[in-house]
Amino acid sequence: MAETVELPIIDLSSPDRISTAKSIRQACVDYGFFYLVNHGVEGQLLSKVLEESKKFFSLPLKEKMKLSRKHHRGYTPLYAENLDPLSRSKGDSKETFYVGPVEGDMAQTNLNQWPSQEIFPSWRFTMESYHKKLMSAGKKLIYLIAMALNLDEDYFEKVGALDTPSGFLRLLHYPGELGCFNEQIYGASEHSDYGMITLLASDGVPGLQVCRDKFNQPRLWEDVLHINGAFIVNVGDMMERWTNCLFRSTLHRVMPVGQERYSLAFFLDPNPDCVVECLESCCSPSCPARFPPIRSGAYLEERFKLTYGE
């Protein structure tokens, strides 16, 4: 049995922003994960998104495949992804649906795929509403993260990261029954997220685990508990690069627990043209930059290719 990790709780509505920024810094240095409460997303909307997600995933596979993934939007079936490229597993036991940006550049928003309005009349409106709410909460959090890094709170805006940022909502369904296999099957194999930050909500079914020290062998995995109404936030690889590994992009995975599990991951990433390079507040002559500058869009494309074996 895995131990349970006690993650810090961050209140996004706290008027004491300096204290909140300090708490975020400590959480990102120690864990790379934290809970986010009072984030402005109503429980009623969250329940509606989970309900609409369940409706879509309950469709026959043939119907879902009509919206198969194109341009990182749409449906991916069971075992289509392997988040751990070094694993020889047949793939992750989850099916997903991606919704890309819903505001801003029409060339981007028009790439989204939507189920038939006749079958699901409120599906698109629900997902777009949730996407906008998450984008708003995510931007507020990024301002606090800038303060946590001893930068101006609008730093990430000034370097172009929040100039039409890339926000992707991912609906996930992990089946309860997997059958018998001769190998370890994961809901989501061990991985770190690729971008800036991820905000995760779920239906409360357990399974999420984190490994705080990715360089240790054997790896120690800890369970992350569900807190009603709280998002689980984690730092992505791009933020780790920006901070020269001060903030952790922590390995995590989802283990099958014999129950169906539904979750909603919102990935907030920089504008694709934003250049990610070591922050001045995170490097020095004794601690030089560990990574070369890289364009956000090119970095994400390369990571996606590895995930899907493209």
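Among 122, 249, 47, the sequence by solvent-accessible area, most first, with a 1.4 Å probe is 47, 122, 249. The local environment of residue 98, defined by Cβ-Cβ distances under 9 Å, has a net charge of +3 under the rule Lys, Arg +1 and Asp, Glu -1.
Taking a sphere under 13 Å around the Cβ of residue 206 and counting the other residues whose Cβ falls inside, with K and R at +1 and D and E at -1, yields a net charge of -2. Over all other residues within a Cβ to Cβ distance under 12 Å of residue 151, the charged ones net out to -3, with Lys and Arg as +1 and Asp and Glu as -1.
Surface composition of the chain: carbon and sulfur atoms hold 51% of the protein heavy-atom accessible area at a 1.4 Å probe.
Going by a ≥ b ≥ c, the root eigenvalues of the Cα gyration tensor, does region 95-235 fall in the rounded group (a/c under 1.5), the prolate group (a/b larger than b/c) or the oblate group? Cα axes put region 95-235 in the oblate bin. Structure shown: which of 48/94; 132/158; 70/158; 133/214; 62/90 lie over 23 Å apart, alpha-carbon to alpha-carbon? Violating the 23 Å limit, Cα to Cα: 70/158; 133/214.
Here the 3J(HN,Hα) profile of region 127-142, calculated from phi with Karplus coefficients 6.51, -1.76 and 1.60 at θ = phi - 60°, is 5, 5, 4, 5, 4, 5, 5, 5, 4, 5, 5, x, 5, 4, 5, 5 Hz, Gly and Pro shown as x.
For the chain, the Kirkwood estimate of the hydrodynamic radius, built from every pair of different alpha carbons, is 19.9 Å.
Normalised size of region 213-281, defined as Cα radius of gyration per 2.2 N^0.38 Å with N residues, equals 1.40. Per residue, the chain reaches -8500 deg cm²/dmol at 222 nm when only DSSP H runs of four or more residues are counted, each adding -39500 (n - 2.57). Relative contact order of the chain, taken over Cα pairs closer than 8 Å and 6 or more residues apart, is 22 percent.
For region 30-114, just say rounded, prolate or oblate: build the C-alpha gyration tensor, square-root its eigenvalues into a ≥ b ≥ c, call rounded for a/c under 1.5, and beyond that prolate if a/b exceeds b/c, oblate if not.
rounded
Simple point charges give the picture: +1 on the Cβ of Lys and Arg, -1 on the Cβ of Asp and Glu, and for the chain a dipole about the Cα centre of about 500 debye. Of the listed residues 282, 245, the order by accessible area with a 1.4 Å probe, largest first, is 245, 282. Hey, how many Å between the Cα centroid of region 190-258 and the Cα centroid of region 97-166? Each part reduced to its Cα centre gives a spacing of 21 Å.
Residues 62, 132, sorted by accessible area with the largest first, give 62, 132 [1.4 Å probe; ligands and nucleic acids excluded]. In the chain, taking the dipole from charged Cβ atoms about the Cα centre, the farthest positive-side position among 60, 24, 160 is held by 60.
Applying a DSSP loop filter and a limit of 11 other Cβ atoms within 10 Å to the GluC sites (Glu not before Pro) in region 115-221 leaves 118, 177, 183.
The values are calculated or read from the model by the stated rules, or taken from the named source; none is laboratory data. These numbers were taken from a predicted model, which means no experiment stands behind them. Virtual Cβ from ideal backbone geometry, glycine too; neighbours counted across all protein chains shown. Heads up: the accessible areas ignore ligands, DNA and RNA and are worked out on the full protein's heavy atoms, side chains in. Shrake-Rupley method; radii C 1.70, N 1.55, O 1.52, S 1.80 Å.
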